[in-house]
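A.B. asks: One structure, as structure tokens, below. Some questions next.
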Amino acid sequence: MPQPMVPLPHRILKVRRETGDVFSIETQPETGESGFPFSPGQFNMVYVFGVGEVPLSISGDPAQTKTLTHTIRGVGWVTRALQGIKKGDMIGVRGPFGTPWPMQEIAGNDVLIVAGGVGLAPVRPVIYQLLAEREKYGNISILYGARSPDDMLYGKELEKWRGRFDLHVDVTVDSAKRGWMGNVGVVTQLISKAMPDPDNTLAMICGPEIMMRFTVMELQRQGIEDTGIYLTMERNMKCAVGFCGHCQFGSEFICKDGPVFRYDRIRNIFGKREM
Amino acid sequence: MKSLKTILEEHPFFKELEPKYIELLVGCASNVRFEAGDILYHEGDQADSFFLIRQGKVALEMAPPNKEPMIIDTVEEDLVFGWSWMVPPYKWHFDAQALTLVRAIAIDGKCLRQKCENDHELGYELFKRFFSVVTERLQHTRMQLLDVYGAQT
């Protein structure tokens, strides 16, 4: 990343609707032969020309560096502008930024991924990498909570992953209409069913902060140490390189020191209202 | 095949319950089986039992006026559900439907209420166990109410 403050032009290759208000865009850099290498958990600053810039987690496969995928919920000025984007349009991309998920550290361990809502997007690159190197890891569990069956991301992939014998995948929704045969309840209820081995499990959590708080409590109840829990934080990131201070979280800058943190590093400030 | 006594002794809900109380519970317990789609009970029905699920999944549903029924919770193996038998007027607050084949132990609440009236120690033991289930469900319901995955959170 030679010039972190200069957006590179990317062309939109594909726009895919995931749910009612969530969509994915696949882009390709217009310049450079090297593609766009990144590590799972990193994010980019995506620039819609004339509108503004927004931090977006990378949700694609880290092994596929020729193109770049982001999954987006249209909730603000920039993300709503992205909703109107079409194949062939141009956007600017700065990145990748931030600390990745600890892929080296988790090798040899059981892995428990707990995701909620659009929080499945930042952990999807982890899942791709785990599956690409399946033999390096012990048991892998993916637990996912969504608002309703219609709000579940990557439905086809979830089905495919559920069909594998070397993965434990369980999903739940907050409520459902009659006819839904899956779980209804909160994602923390799935943790004990996954029966994590507390001595050998590293957990990765991604979702709304309150969901992560309850998930940490449940993981602790299952005996998992704070040093075995990783989570990804979200704040108002602007410069993405730790200069502007917009994303300061206690003594940490989410953009530079995070967004992925080991829980023991932030436990004293995590969940504090003032933060 | 395991006896009712063994099943109750081994169930986490009755962990460390004195053997004399297990004997009492056995007197109120029976094996039940529901096919997928069967209704276990309807909202407003007399709540005279609770269930320990041994196999399968049950959906708890509410039907808001003029709207389709919504599944608000699901319960499955090793879980206990139904506490309306403890609280007057002993009516169910939800519909319960088997989503799969369900094998369960049904405990006759009417019979148990009488035993609890006669032996408050037993009543307290059951109260402690049910209260922790109720608290857990209340916490989950609060999280669901927060709509944490909604666009505005």
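The values are calculated or read from the model by the stated rules, or taken from the named source; none is laboratory data. Keep in mind that what you see is a predicted model, and the values were worked out from it rather than measured. A quick note on method: Cβ atoms are made from the backbone with ideal geometry, for glycine too, and the neighbour counts reach across all protein chains shown.
Here is a yes/no grid of residues against (1) assigned to a strand (DSSP E or B); (2) free of Cβ contacts under 8 Å to residues at least 12 places away in the same chain; (3) within 14 Å of another protein chain (Cβ to nearest Cβ); (4) not polar (S, T, N, Q):
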site	(1), (2), (3), (4)
B:Pro88	no, yes, no, yes
B:Gln114	no, yes, no, no
B:Val133	no, no, yes, yes
B:Glu136	no, yes, yes, yes
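A.B. asks: Now a separate question. Within the set of pairs 6+ apart or on separate chains, which have a first residue in segment B:43-56 that is acidic (Asp, Glu), a second that is part of a strand (DSSP E or B) and crowded, with 19+ Cβ neighbours inside 10 Å, and C-beta atoms under 6 Å apart?
C.D. replies: Between residues of segment B:43-56 that are acidic (Asp, Glu) and residues that are part of a strand (DSSP E or B) and crowded, with 19+ Cβ neighbours inside 10 Å, the close pairs are B:Glu43/B:Asp95.
A.B. asks: Suppose we filter B:Ser30, B:Ser49 for residues that are surrounded by fewer than 18 Cβ atoms within 10 Å (Cβ to Cβ) and polar (S, T, N, Q); which single one remains?
C.D. replies: Selected residue: B:Ser30, the only one of B:Ser30, B:Ser49 that is surrounded by fewer than 18 Cβ atoms within 10 Å (Cβ to Cβ) and polar (S, T, N, Q).
A.B. asks: For segment A:131-170: of the residues being small (Gly, Ala, Ser) and farther than 18 Å from B:Val75 by Cα, which is nearest to the other protein chains (Cβ to nearest Cβ)?
C.D. replies: Filtering first and then ranking leaves A:Gly155.
A.B. asks: With segment A:57-126 as the region, which strands (runs of 3 or more DSSP E) entirely inside it contain at least 3 residues that are of a type in the set (Val, Ile, Thr), more than 12 Å from the chain's Cα centre (by Cα) and modelled with pLDDT under 95?
C.D. replies: Result: empty, no element qualifies.
A.B. asks: Only one residue in A:Asp174, A:Asp197 is over 29 Å from B:Pro64 (Cα atoms) and modelled with pLDDT under 95, so which one is that?
C.D. replies: Testing whether each residue is over 29 Å from B:Pro64 (Cα atoms) and modelled with pLDDT under 95 leaves just A:Asp197.
A.B. asks: Moving on to the next point. Pairs, please: C-beta under 9 Å, at least 6 apart or cross-chain, first residue closer than 25 Å to A:Gly116 by Cβ and more than 12 Å from chain B (Cβ to nearest Cβ) and in segment A:68-87, second among the aromatic types (Phe, Trp, Tyr) and not in a strand (DSSP E or B)?
C.D. replies: That search, which allows pairs on different chains as well, returns A:Leu68/A:Phe36; A:Leu68/A:Phe38; A:Thr71/A:Tyr154.
A.B. asks: Mind listing whichever residues of segment B:90-112 are of a type in the set (A, V, I, L, M) and in a loop (DSSP other than H, G, I, E, B)?
C.D. replies: Of everything in segment B:90-112, those that are of a type in the set (A, V, I, L, M) and in a loop (DSSP other than H, G, I, E, B) turn out to be B:Leu99, B:Leu101.
A.B. asks: Right, B:Ala96: surrounded by 14 or more Cβ atoms within 10 Å (Cβ to Cβ) and either out of contact with any Lys or Arg (no Cβ under 8 Å at 6 or more places or on another chain) or on the phi > 0 side of the Ramachandran plot (or both) or not? Give the derivation first.
C.D. replies: Values: surrounded by 14 or more Cβ atoms within 10 Å (Cβ to Cβ): yes; either out of contact with any Lys or Arg (no Cβ under 8 Å at 6 or more places or on another chain) or on the phi > 0 side of the Ramachandran plot (or both): yes.
Judged against the criteria, B:Ala96 is a match.
A.B. asks: Within segment A:98-131, how many residues turn out to be touching a helix residue (DSSP H, G or I) at 6+ places or on another chain (Cβ under 6 Å) and closer than 18 Å to A:His10 by Cβ?
C.D. replies: The total comes to 0.
A.B. asks: Sticking with this one: Search segment B:64-86 for residues being touching an Asp or Glu at 6+ places or on another chain (Cβ under 8 Å) and within 9 Å of chain A (Cβ to nearest Cβ), and hand back the single one that is nearest to B:Phe34 (Cα to Cα).
C.D. replies: Of all residues in segment B:64-86, those touching an Asp or Glu at 6+ places or on another chain (Cβ under 8 Å) come to B:69-72, B:85.
If we keep only those that are within 9 Å of chain A (Cβ to nearest Cβ) as well, we get B:69-72.
Numbers: B:Pro69: 20, B:Met70: 21, B:Ile71: 18, B:Ile72: 20 Å.
Per the stated criteria, the residue is B:Ile71.
A.B. asks: Right, here's the next one. So for segment A:93-104 (the condition being in contact (Cβ under 8 Å) with a residue 12 or more places away in the chain and under 16 Å from A:Ser24 (Cβ atoms)), does at least one residue qualify?
C.D. replies: yes
A.B. asks: Okay, moving on. If I go through segment A:236-255 residue by residue, how many of them are crowded, with 18+ Cβ neighbours inside 10 Å and either of a type outside the set (Val, Ile, Thr) or modelled with pLDDT of 85 or more (or both)?
C.D. replies: Result for segment A:236-255: 8.
A.B. asks: Continuing with this model, one more query. Residue pairs, Cβ under 6 Å, 6 or more apart or interchain, first in segment A:105-130 and over 23 Å from B:Val148 (Cβ atoms), second part of a loop (DSSP other than H, G, I, E, B) and acidic (Asp, Glu). List them.
C.D. replies: A:Asp110/A:Asp197; A:Tyr128/A:Asp61
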